[in-house]
């Protein structure tokens with residue numbers, strides 16, 4: 001098995017992992033890094049039969065979008081990781097095993113169910129995940145994080161509390177420097193450069 005390998009480029013962290021060693025420690029560090037705007041998680045291992053639920057929660061609750069890149073494996077782990085990640089790109093060779101039914105489904109079926117976001121040839125999986133991350137890194141990071149927070153926490157709240165949370169998050173973003181940067185760029189008809197402030 002490969003160990004967890006991490007690399008960072010400007011605003012994007014990439015993790016190659018089989019989830020067996022120091023994944024949680026590395027992942028926590030990345031998710032708490034305020035300069036990171038997206039995480040690409042490359043998973044291409046067939047040996048992993050199960051994944052600890054706490055690791056799935058760690059992925060799900062990351063404060064920046066997590067994009068999973070699935071290449072060719074067939075396992076229940078694929079289904080669990082795809083559900084935990086915020087975005088998922090897979091090759092047509094990937095198969096998902098639905099845990100409650102122990103039924104195998106194809107990538108095409110997973111796409112129809114909304115479990116994954118895109119299917120590409122196996123050699124394009126990582127590139128497509130990085131392309132998604134590149135688009136995300138251009139967005140206002142405070143707004144992206146607030147959207148994730150509203151969705152993740154809002155799902156666990158009564159509707160009224162979820163709407164209050166959304167209002168609080170909007171108020172914080174509205175008072176941010178990035179909001180002014182975005183408006184100025186719009187008026188000047190140019191691309192904004194967000195700072196996360």
Review point. In which sequence would 197, 80 go, from the one with the fewest C-beta neighbours within 10 Å to the one with the most?
Key: 197, 80
Point to revise | Modelled FRET efficiency - R0 35 Å, residue 179 with residue 156, Cβ distances, 0.05 increments | key: 0.80
Check your understanding: For 72, 112, 95, what ranking results if the residue with the fewest other Cβ atoms within 10 Å of its Cβ goes first?
Key -> 112, 72, 95
Practice item. Taking 7 Å along the Cα-to-C-beta vector as the label spot, tell me the residue 197-residue 170 distance in nanometres, rounded to one decimal. Key: 2.7
Review point. So which residue, out of 96, 174, 186, gets the largest mean-square fluctuation from a GNM of the chain using Cα contacts under 10 Å as springs?
Key: 186
Exercise for review: Please give the length that would be gained between residue 93 and residue 187 if that part of the chain were fully extended, namely 0.36 nm times their separation in residues minus their C-alpha to C-alpha distance (nm, one decimal).
Suggested key: 29.3 nm
Check your understanding: With Rg and the Kirkwood Rh both taken from Cα atoms, where does Rg over Rh land for the stretch 38-172?
Key -> 1.00
Practice item. Quick one: grab the alpha carbon gyration tensor of the stretch 141-187, order the square roots of its eigenvalues as a ≥ b ≥ c, and give me rounded if a/c is under 1.5, else prolate or oblate depending on whether a/b is larger than b/c. Key: prolate
Exercise for review: Could you please rank 161, 24, 178, placing first whichever residue has the fewest other Cβ atoms within 10 Å of its Cβ?
Suggested key: 161, 24, 178
**Study point:** Part-to-part distance (alpha-carbon centres) for the stretch 79-97 and the stretch 127-158, which is given in Å
**Key:** 18
Exercise for review: Report, for the chain, the % of DSSP beta bridges that are antiparallel, rounded to 5.
Suggested key: 30
Practice item. Pick out which of 144, 35, 103 has the largest mean-square fluctuation in a Gaussian network model of the chain, springs linking Cα atoms closer than 10 Å. Key: 103
Check your understanding: If you build a Gaussian network model of the chain, linking Cα atoms that sit under 10 Å apart, which residue out of 38, 82, 131 swings the most?
Key -> 131
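No value in this document is a laboratory result; all are computed from the given coordinates. As the structure is a prediction and not an experimental result, all values here were calculated from the model. All Cβ positions, glycine included, derive from the backbone under ideal geometry; neighbour counts span all protein chains shown.
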